[in-house]
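Contents: one structure, followed by commentary.
Derivation of every value follows stated rules applied to the coordinates shown; laboratory data play no part. Keep in mind that this is a model prediction, so the values were computed, not measured. Here Cβ is always computed from backbone atoms with ideal geometry, including for glycine, and neighbour counts include all displayed protein chains.
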């Protein structure tokens, strides 16, 4: 099976590196420069103290023709409208979207494709440069059908390398919502407080804030607070204690965050369900404010 990957950030490079062990993979980059970087230097996958060189095909996105049996979309939500226009112009048949949050679902109705799949990535990854990715935390990827035939998805999952597992879920909405809750608690708190994940539970005052935020999110989504989700969030914070969340890293690198896909979605849901979202709204505005300072060239760090 030929696999196309649109987006050469940390997740795109991570998936390309592992999937190249069992599939013919082509990475489509935003810039010609990154394509040439990967072509000339190879794709480096770093795990602990080891570094593996991976062979992948690479081309800038304007050269994508949609001929692969499956194309994986790893760009961030705010980049999706432009990518979906490209998808529709080439007529790709099967797509797997890997975005954080749930705000991207509204864009999928515009995608012209027979099969659309969604995924929830639980791996940790860090893009060191244009051709190198660090695998920080091994986990798995959950996938589900949004529209179309499940057989292609199951065939892809079956052929994936055993050290990079996938699990097919029955309900895409429940799958994404479970990840959304985790992202909505950890990402904005670490970004605004400028701390690593572990401090959210090590510092007693940050932990109180974490619990209050989780309770508000559970109310917005009408979740059962006794379902063990809070315990899972605490466990993730402890197991990734030294990690810096993707939202924090985006702000530090002056990149646009995924706050719209995560907290923006929750704000919309709060309006729809007529419930308060004071903490969610406050964190949303704080992150957006930090983003705007970067856009204006002003430092947000003290």
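Can you tell me, using C-alpha contacts under 8 Å and at least 6 residues apart, the relative contact order of the stretch 25-93 as a whole percent?
It rounds to 32 percent for the stretch 25-93.
Report the Stokes-Einstein translational diffusion coefficient (µm² s⁻¹, integer) for the chain, Rh taken as the Kirkwood radius over Cα pairs, at 20 °C with viscosity 1.002 mPa s.
108
Can you compute the modelled spin-label distance between residue 219 and residue 288, with each label point 7 Å from Cα toward Cβ, in nm?
Result for the modelled spin labels: 2.1 nm.
Distance between the C-alpha centers of the stretch 58-89 and the stretch 110-173? Whole Å please.
If you average the Cα positions of each part, the centres end up 16 Å apart.
If you take the square roots of the eigenvalues of the alpha-carbon gyration tensor of the stretch 174-295 and sort them as a ≥ b ≥ c, do you get rounded (a/c under 1.5), prolate (a/b over b/c) or oblate?
The shape class here is oblate.
For the chain, what is the mean residue ellipticity at 222 nm derived from helices alone (per DSSP H run of n ≥ 4: -39500 (n - 2.57); sum divided by total residues; nearest 500 deg cm²/dmol)?
-13000 deg cm²/dmol
Would you work out if the stretch 216-277 is rounded, prolate or oblate? Take a ≥ b ≥ c from the square roots of the eigenvalues of the alpha-carbon gyration tensor; rounded if a/c is under 1.5, else prolate when a/b is larger than b/c, oblate otherwise.
oblate
Kindly express, to the nearest 10 degrees and within the range 0 to 90, the angle between helix 150-159's C-alpha long axis and the longest C-alpha principal axis of the chain.
With both axes taken from Cα atoms, the answer is about 80 degrees.
What is the fewest-to-most order of 164, 117, 173 by other Cβ atoms lying within 10 Å of their Cβ?
Arranged by neighbour count, lowest to highest, 164, 117, 173 become 173, 164, 117.
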